[in-house]
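Take a look at the structure set out below.
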Amino acid sequence: MASLNVGNLGEYLREQRRTAQLSLRQLADAAGVSNPYLSQIERGLRKPSAEVLQQVAKALRISAETLYVRAGILDETEREELETRAVVLADPSINERQKQVLLQIYDSFRKENAAEAAVAAAAEVDRAEAAGSAEATTGTTGATRTTEDPPGARAAAAAERPVDALPDA
């Protein structure tokens, strides 16, 4: 039987089980799954469901989100967001209203940073396109062929011309 592409989930589970000093049978019993099924997960032959991973995580007393990331069910940034939210919600030193306000601020910062990242990525694409269009190609007649100017290039060039070089109105 060929190994499935489940990352290093099986190795990680085996390591966690051994750290917890549990046999395969003990973990299977604690998680409510069969011993052969858990063995196949550890060997990378089976990809468990999120529910099974949650049961195994509970039995090992580790984060289910960590197992979800290793299984490819959840990506790392989603896991970090969930863990941050869980920590805020679990804090007994602040009240429910304060928790909700903190989560709203957290969300607004994430949205703001995502928007800034999108603008930066778009600017990088514009710069790359401008660099590509600035590289003029030479045709068979030896004349230079140009492509579209990048946005704002004409205005910038006009602003740099001396006043006496401006066309008469």
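The values are calculated or read from the model by the stated rules, or taken from the named source; none is laboratory data. Keep in mind that what you see is a predicted model, and the values were worked out from it rather than measured. For neighbour counting, all protein chains shown are included, and Cβ atoms are generated from backbone atoms with ideal geometry for every residue, glycine included. Heads up: the accessible areas ignore ligands, DNA and RNA and are worked out on the full protein's heavy atoms, side chains in. Shrake-Rupley method; radii C 1.70, N 1.55, O 1.52, S 1.80 Å.
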Here the qualifying pairs (Cβ atoms under 8 Å; residues six or more apart or on different chains; first in the range 77-94 and over 20 Å from K111 (Cβ atoms); second among the hydrophobic types (A, V, I, L, M, F, W, C) and open to solvent by 80 Å² or more (accessible area, probe 1.4 Å)) come out as I94/L102
Looking at the structure I just gave you, is L38 in contact (Cβ under 8 Å) with a residue 12 or more places away in the chain and within 13 Å of L9 (Cβ to Cβ)? yes
Taking the range 52-64 and keeping only residues that are in contact (Cβ under 8 Å) with a residue 24 or more places away in the chain and either part of a loop (DSSP other than H, G, I, E, B) or buried (at least 16 other Cβ atoms within 10 Å of the Cβ) (or both), one is left with Q55, V56, A59, L60, R61, I62
Going through the range 87-126 in order, the residues found to be within 28 Å of L53 (Cβ to Cβ) and either surrounded by 12 or more Cβ atoms within 10 Å (Cβ to Cβ) or of a type in the set (D, E, K, R) (or both) are V88, L89, D91, K99, L103, Y106, D107, R110
If L74 satisfies all but one of (1) closer than 30 Å to S108 by Cβ; (2) in a loop (DSSP other than H, G, I, E, B); (3) at pLDDT 85 or above; (4) not basic (K, R), what's the number of the condition it fails? (3)
All but one of (1) free of Cβ contacts under 8 Å to residues at least 24 places away in the same chain; (2) part of a helix (DSSP H, G or I); (3) open to solvent by less than 50 Å² (accessible area, probe 1.4 Å); (4) aliphatic (A, V, I, L, M) hold for L67; which doesn't? (1)
Among (1) free of Cβ contacts under 8 Å to residues at least 12 places away in the same chain; (2) assigned to a helix (DSSP H, G or I); (3) under 24 Å from L9 (Cβ atoms), there is one condition F109 misses while meeting the rest; what is its number? (3)
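Out of the residues in the range 19-51 that are among the charged types (D, E, K, R) and modelled with pLDDT of 95 or more, which is surrounded by the most Cβ atoms within 10 Å (Cβ to Cβ)?
In the first step, residues of the range 19-51 are kept if they are among the charged types (D, E, K, R); the result is 25, 29, 42-43, 46-47, 51.
Now drop any that are not modelled with pLDDT of 95 or more, which leaves 25, 29.
Working: R25: 12, D29: 15.
This residue is D29.
Scan T66, T19 and give me the residue that is under 30 Å from S108 (Cα atoms) and out of contact with any Pro (no Cβ under 8 Å at 6 or more places or on another chain). Write out each step before concluding.
Working: T19 fails: under 30 Å from S108 (Cα atoms).
Among T66, T19, only T66 is under 30 Å from S108 (Cα atoms) and out of contact with any Pro (no Cβ under 8 Å at 6 or more places or on another chain).
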